[in-house]
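**Q** One structure is given below, represented as structure tokens, and several questions about it will come after.
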Amino acid sequence: MLARVWSASIVGIDALKVGVEIDVSGGLPGIVVVGLPDTAVQESRERVKAALKNAGYAFPMRKIVINLTPADLRKEGPSFDLPISVGIMAASEQVSAQLLGDYLFVGEVSLDGTLRSVSGVLPIAAAAQTMGISGLVVPIDNAQEAAVVEGLMVHGFKHLSEVADFLNHPNRYTPVQLNRREELHQSQLVGADLKDVKGQAHARRALEIAAAGGHNLIFVGPPGSGKTMLARRLPGILPPLSFAEALEVTQIYSVAGLLKNRGSLVSLRPFRSPHHSASGPSLVGGGSFPRPGEISLAHRGILFLDELTEFKRDVLEFLRQPLEDGYITVSRTRQSVMFPAQFTLVASTNPCPCGYFGDSIQACTCSPRQREQYWAKLSGPLMDRIDLQVAVNRLQPEEITQQPGGEESAPVRIRVQSARDHARPRFKAEPTIRSNAEMQSRHLQQWCQLDDASRFLLEGAIRKLGLSARASDRVLKVARTIADLAGDENLQTHHVAEAIQYRTIDRMQ
């Protein structure tokens, strides 16, 4: 007898519908799996055989052919255990096949019939409706994750026997219920507060601008000046994730298998901080079956690169395309996948190998040649893409001991949200743009018009600092954010002047 069960395969962060066809016929007992299965899928033959027997169901001692369609799509992972088990039970008439056309089955099966969670369930649930699927059957540990998607009936089970009972008596079971909005806002904002930062008014202002406009930021200063301390307080002043943004981020973490300790929905903006020994593939993603890297895991959040100049130059060059386009493409022989990567880059570095060039307290021991080689790791095109370049000086002894902490994060976050609300009406006709940093050249002509005095000031900065066209566009984007923070509709000279001041590294060259 023939049975067909629907499942899905993950390609990048997209889900493709996969048909699992089971044919039980006469012949010598055995199981054949066809349709480009990987090793994990081939091994499911033994897992499913043991699981069915230990769960109290008969395993047909006949010839069983399992076909995974489409045949030219590579199938990987243990998530096909459950649909294969259900298909064999349906083909051997141990369960009803009535619901098989309406539901999609995903899950790993243990030898005793227990269902184990798998990665990538949320993208599958998100794509289920476009596949013509009305319901999803998953392990109980994946049920809340799948239930995030509205309009989809999700059933979660602990054991294979429960799935069989559901197929035979569907009226006994109700779909999983989830309050999606409550799930998004249940996590309280935790982390470091700006009130811990003493002094550094210039750097604090840069943080506020970066949060309000989504601008990339680098801190340059000697050891102990507070660069890392400042950077780690940026998440506390960012606006909360919208539901659509949270869904995007959660799908990435689901595919990467990092959702277990984050609930059913990632409700806080990601903050990723890879070590400077990280390789290129660990940043952009990769593998035989591409998985997202740190760049994509920072989507809608922050990628913090501490000690930027300690990263290998070729690794840093991987950042250029996603910083410009907002996505990363990973190409392999069999397939090419695209991962979203709309993140804010925050970096910190010393001004020279010894760390004290320009320091008012300790003298630099580096030669001009050493400093030149130190900065050579950061290419011009990469630095062009960093909007805010801020010098951070060490505090004087009396400032450390006497000066109280600065403003708390809460009022700064309110100003940041107000600036984003001020900018939002401009983006109504451009739904893909969510911050000033994402504006393109055509948007600058419309929303960043300069008067004669501002244009003269910017032209002078371009000549003196040798700014490229891209860098000058970045100055305009920062000026637009400064104006939004002030509640101004039009750019003014002091907005442009302040934006130019944040080209520290250009002035150092």
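**Q** For Ser282 and His169, what does the FRET efficiency come to when R0 = 56 Å and r is the distance between their Cβ atoms, rounded to the nearest 0.05?
**A** 0.70
**Q** While we're here: Whole-Hz ³J(HN,Hα) for each residue in the range 438-443, computed from phi via Karplus 6.51 cos²θ - 1.76 cosθ + 1.60 with θ = phi - 60°, x for glycine and proline: what do you get?
**A** Working through the residues one at a time gives 8, 5, 9, 4, 5, 6 Hz.
**Q** Also, I was wondering about something else. Compute the angle between helix 243-255 and the longest alpha-carbon principal axis of the chain, please, reported from 0 to 90 degrees and rounded to the nearest 10.
**A** 60
**Q** Rounded, prolate or oblate, given the Cα gyration tensor of the range 99-174, with a/c below 1.5 counting as rounded?
**A** The shape class here is oblate.
**Q** Next up: How big is the convex hull of the Cα atoms of the chain, per residue, in Å³? Working shown, then result.
**A** Working: hull volume 82.9 nm³, N = 509.
It comes to 163 Å³ per residue, whole-number rounded.
**Q** Percent of Cα-Cα pairs more than 28 Å apart in the range 327-474, please.
**A** 47
**Q** Rank these residues by their accessible area, most exposed first, probe 1.4 Å: Lys312, Lys195.
**A** Lys312, Lys195
**Q** Same structure again: Which sequence of Cys364, Cys448 reflects their accessible areas, 1.4 Å probe, from the largest down?
**A** Highest to lowest solvent-accessible surface, that is Cys364, Cys448.
**Q** Here's something else I'd like to know. What are the residues whose amide H is under 5 Å from the amide H of Val11, where those residues sit 5 or more places off or on another chain and H is modelled from the backbone?
**A** So Val11 has HN proximity to Leu16.
**Q** Let me ask you something else. If amide hydrogens are placed 1.01 Å from N in the peptide plane, which non-local residues have theirs closer than 5 Å to the one on Phe157?
**A** Val138, Ile140
**Q** From the phi of every residue in the range 349-364, what ³J(HN,Hα) in whole Hz does the Karplus formula 6.51 cos²θ - 1.76 cosθ + 1.60 yield, where θ is phi - 60° and glycine or proline is x?
**A** Whole-Hz 3J(HN,Hα) from phi for the range 349-364: 7, 7, x, 6, x, 7, x, 10, 5, x, 6, 7, 9, 10, 6, 7.
**Q** Might you tell me the accessible area per residue for the range 303-347, computed with a 1.4 Å probe and given in Å²?
**A** Normalised by residue count, the accessible surface of the range 303-347 is 45 Å².
**Q** For the pair Glu438 and Glu407, how long in nm is the line joining their label points, each one 7 Å along Cα→Cβ?
**A** 2.6
**Q** Report the full-extension gain for the segment Gln370 to Lys198: residue separation times 0.36 nm, less the Cα-Cα distance, to one decimal in nm.
**A** Computed gain between Gln370 and Lys198 is 58.7 nm.
**Q** Where the centroid of each part is defined by its Cα atoms, how far is the range 407-451 from the range 91-155 in Å?
**A** Centre-to-centre (Cα) distance: 40 Å.
**Q** Here's something else I'd like to know. Taking the C-alpha atoms of the range 1-95, how large are the radius of gyration and the largest Cα-Cα span, Dmax, in Å?
**A** 12.7, 41
**Q** So, one more: Keeping all protein chains in position, work out how much accessible area Asp325 exposes to a 1.4 Å probe, and write it in Å² to the nearest 10.
**A** Rounded to the nearest 10, that gives 70 Å².
**Q** Could you give each residue of the range 38-55 its phi-based ³J(HN,Hα) in whole Hz, using Karplus coefficients 6.51, -1.76, 1.60 with θ = phi - 60°, and x for Gly or Pro?
**A** 8, 4, 4, 6, 4, 5, 4, 4, 6, 5, 5, 4, 5, 5, 5, 5, 6, 8
**Q** How many nm separate the modelled label positions at Ile361 and Lys312, each set 7 Å beyond the Cα in the direction of the Cβ?
**A** My value for the distance between the label points is 3.5 nm.
**Q** Given a Förster radius of 22 Å and the C-beta distance between Lys53 and Ser96 as r, what FRET efficiency does 1/(1 + (r/R0)^6) yield to the nearest 0.05?
**A** 0.55
**Q** What shape does the range 366-444 have by the C-alpha gyration tensor, where a ≥ b ≥ c are the square roots of the eigenvalues, rounded means a/c under 1.5, and otherwise prolate means a/b greater than b/c and oblate the rest?
**A** Values: a/c = 5.23, a/b = 1.24, b/c = 4.21.
Because a/c hits 1.5 or more and a/b fails to exceed b/c, the range 366-444 counts as oblate.
**Q** If you don't mind, another one. To the nearest 10 degrees, how steep is helix 81-91 against the longest Cα principal axis of the chain, on a 0 to 90 scale?
**A** 20
**Q** What shape does the range 71-131 have by the C-alpha gyration tensor, where a ≥ b ≥ c are the square roots of the eigenvalues, rounded means a/c under 1.5, and otherwise prolate means a/b greater than b/c and oblate the rest?
**A** It comes out oblate by the Cα gyration axes.
**Q** Only helical DSSP H runs with n ≥ 4 go in: add -39500 (n - 2.57) per run for the chain, normalise by residue count and round the 222 nm mean residue ellipticity to 500 deg cm²/dmol.
**A** Value at 222 nm, helices only, nearest 500: -10500 deg cm²/dmol.
**Q** Also, I was wondering about something else. As a test question: what accessible area, to the nearest 10 Å², does Arg415 have when a 1.4 Å probe is rolled over all protein chains in place?
**A** 90
**Q** What is the percent carbon and sulfur in the accessible area of the chain, measuring with a 1.4 Å probe over the protein chains and ignoring ligands?
**A** Working: 10920 of 22010 Å².
For the chain, the apolar C and S fraction of the accessible surface comes to 50 percent.
**Q** When all protein chains stay in place, what accessible area (Å², nearest 10, 1.4 Å probe) is found for Tyr356?
**A** Roughly 50 Å² of Tyr356 is accessible to a 1.4 Å probe.
**Q** Using only the alpha-carbon atoms, how far is helix 469-486 inclined from the longest principal axis of the chain? Give it as 0 to 90 degrees, nearest 10.
**A** It is inclined by approximately 90 degrees.
**Q** Given a Förster distance of 22 angstrom, what is the FRET efficiency for Arg455 paired with Glu498, based on the Cβ-Cβ distance and rounded to 0.05?
**A** Details: r = 16 Å, r/R0 = 0.73.
Approximately 0.85, to the nearest 0.05.
**Q** Report, by chain and number, residues whose modeled amide H sits under 5 Å from the one on Lys63, excluding near sequence neighbours (fewer than 5 apart, same chain).
**A** Ser25, Gly27, Gly30
The values are calculated or read from the model by the stated rules, or taken from the named source; none is laboratory data. Note that the structure is predicted; figures quoted are calculated from it, not measured. So basically every Cβ, Gly included, is an ideal-geometry build from the backbone, and we count neighbours across all protein chains shown. Note: accessible area is taken over every heavy atom of the protein model, side chains too, but ligands, DNA and RNA are not part of it. Shrake-Rupley method; radii C 1.70, N 1.55, O 1.52, S 1.80 Å.
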